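Heads up: the structure comes next, in structure tokens.
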Number of protein chains: 4
Amino acid sequence: MTSSPLLAQISLLMNEKIPFHKLIGLEVTRFASDISEVQFKWKEELIGNAPQGILHGGVLATALDMCGGLVAIASVIETMDHSAQPHEVIERISRCGTIDLRVDYVRPGRGETFITTAHIIRSGNKVAVARMELHNQEGMLIAFGTGTYMVG
Amino acid sequence: MTSSPLLAQISLLMNEKIPFHKLIGLEVTRFASDISEVQFKWKEELIGNAPQGILHGGVLATALDMCGGLVAIASVIETMDHSAQPHEVIERISRCGTIDLRVDYVRPGRGETFITTAHIIRSGNKVAVARMELHNQEGMLIAFGTGTYMVG
Amino acid sequence: MTSSPLLAQISLLMNEKIPFHKLIGLEVTRFASDISEVQFKWKEELIGNAPQGILHGGVLATALDMCGGLVAIASVIETMDHSAQPHEVIERISRCGTIDLRVDYVRPGRGETFITTAHIIRSGNKVAVARMELHNQEGMLIAFGTGTYMVG
Amino acid sequence: MTSSPLLAQISLLMNEKIPFHKLIGLEVTRFASDISEVQFKWKEELIGNAPQGILHGGVLATALDMCGGLVAIASVIETMDHSAQPHEVIERISRCGTIDLRVDYVRPGRGETFITTAHIIRSGNKVAVARMELHNQEGMLIAFGTGTYMVG
């Protein structure tokens, strides 16, 4: 979990104040400058392949994008002046955004709980690159991806 | 436009029977072997950047992935024997899936209606590649992408 | 062709002073802020699939990357102060670089002359995105791609 | 290292009979169904950024593509009947090809020796997906990527 109160506050924001995260049920479960983790639970509304009952690729893309964005944001916060006020941090974060995203689908999205992790690969003051993986509760790799984020 | 009753039937399936399409509000508005089109309307639940009120990148990825998948499916159906029964077509489609997806985010997702179009670039009996674009109702390009699909 | 003496000078640099461009035989044939073009001729040394005698995918990736980089550079130069000295422009260009590249291979690389074109899709003061296509002399699409470039 | 005489024979083919590999100086140093490795040495002709003296992104893309292709080929050979004749294996391999490639450039290409490794992530009888990394002799990550390959 997050060690600092600021990261904890942002986690809460991500879980509670981003409508599309709530719609899917995405929850930040880890949030640090080198690794972040996002989880969600299987539910009927997330199905994309009805005959086979598997998750929509867009759900997986959303989880990967969110998770990569989180670790990019955390890497940015780490470089900010420690005396920065929360509203300054929020303002900086709101200017961050995904430049591009690649998702590779490895196995059908089946399971009960899905765990997405992201690692920072390139951390700069303008652009950050993260690598993400999504497993189910049995540790099966379902999808992975790479995201390039504007951070400054 | 869909010329055949079969494509019309599949469009209906895509709109009505795929839970995640309904959750977002994605609707097939064109479905042919060379071009497909998907539309959705702005709604609060799709927001990803709350301070700025713009669509979540995952929503755009979902629309692009769906639209590319549609044109890939249509290109497959075109190659099938015309005497194929609907259940054979459905069975074949249910085995199709996204291999990988790249999304490039060009402008913030703002607008009232979002129109996604997909063109088939490579059509084979095993793999199809589609190129997709997403504009808002004013014709502004918001995102584009490329999808590689397993079709056989 | 390039209208300005500065762009003409940079074209010459790209053709003559970049060793890997000379090794492959890549030549700038158009260089403007909205579109750039690069050509090269078939030669034995560029083969990647010997039994079938087709170009190596790395040759195509190189041409696409170079062409996208050119249009990104041209879009940057356009935004620079017109009183900027050549050495300032060169210095700025030398800091540009590819962040990521996606290449889609559509058909085997067969032909005599290969023409790569790039269009700028997103032009910013930090990051530029270009879309590229590579055809042979008969107009057959062989590969296409997208490149994200650091420009500031 | 290659355990079988067949893989050793293919390594030799890759090093000696693919003109573009020879032009760059790419050499197979490991070739198995789960991991492959390719190395090359710095040389003047591979420079892409002359003012800064760093490798061309196309060189890195070529090494990554080749290395991913190798591990995809090895994963295919593993599934073939052990009584398959060398010419059957060669014939099968010559039909393999890259569908798409994503390269992420992390650091400038500086060093003396460059080591590319590839792991197989998805292995099928039609499509294989590999993840690749390129480090210099000091272990610095310079680029990484993902390749999707047609294998059947």
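The table below lists the values:
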read-out	value
Residue within segment B:102-111 that is charged (D, E, K, R), within 14 Å of chain A (Cβ to nearest Cβ) and assigned to a loop (DSSP other than H, G, I, E, B) present	yes
Set D:V71, D:V28: member being among the hydrophobic types (A, V, I, L, M, F, W, C), under 17 Å from the mean Cα position of the chain (by Cα) and open to solvent by less than 10 Å² (accessible area, probe 1.4 Å)	D:V71
Identity of the residue in segment A:138-152, within 14 Å of chain C (Cβ to nearest Cβ) and among the hydrophobic types (A, V, I, L, M, F, W, C), that ends up nearest to A:T62 (Cα to Cα)	A:M150
Filter result (over 19 Å from the mean Cα position of the chain (by Cα) and either surrounded by fewer than 17 Cβ atoms within 10 Å (Cβ to Cβ) or without any contact (Cβ under 8 Å) to a residue 24 or more places away in the chain (or both)) within segment A:49-60	A:A50, A:P51, A:Q52, A:G53
Number of the condition not met by A:M150 [criteria: (1) aliphatic (A, V, I, L, M); (2) open to solvent by less than 10 Å² (accessible area, probe 1.4 Å); (3) within 28 Å of C:N125 (Cα to Cα)]	(2)
Residue among D:H119, D:H135 that alone is assigned to a strand (DSSP E or B), open to solvent by 40 Å² or more (accessible area, probe 1.4 Å) and away from every other protein chain (no Cβ under 12 Å)	D:H135
Subset of segment B:43-71 [more than 7 Å from every other protein chain (Cβ to nearest Cβ) and touching a Ser or Thr at 6+ places or on another chain (Cβ under 7 Å)]	B:A63, B:L64, B:C67, B:G69, B:L70, B:V71
Residue tally, condition open to solvent by less than 40 Å² (accessible area, probe 1.4 Å) and modelled with pLDDT under 95, over segment A:122-132	1
So A:S83, is it among the hydroxyl-bearing types (S, T, Y), more than 14 Å from chain B (Cβ to nearest Cβ) and touching a helix residue (DSSP H, G or I) at 6+ places or on another chain (Cβ under 8 Å)	no
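The values are calculated or read from the model by the stated rules, or taken from the named source; none is laboratory data. Only a predicted model underlies this, so the values are computations on that prediction, with no experimental measurement involved. As a convention, Cβ positions derive from the backbone with ideal geometry for all residues, glycine included, and neighbour counts pool all protein chains shown. The area values use the complete protein model at the heavy-atom level, side chains included, leaving out ligands, DNA and RNA. Shrake-Rupley method; radii C 1.70, N 1.55, O 1.52, S 1.80 Å.
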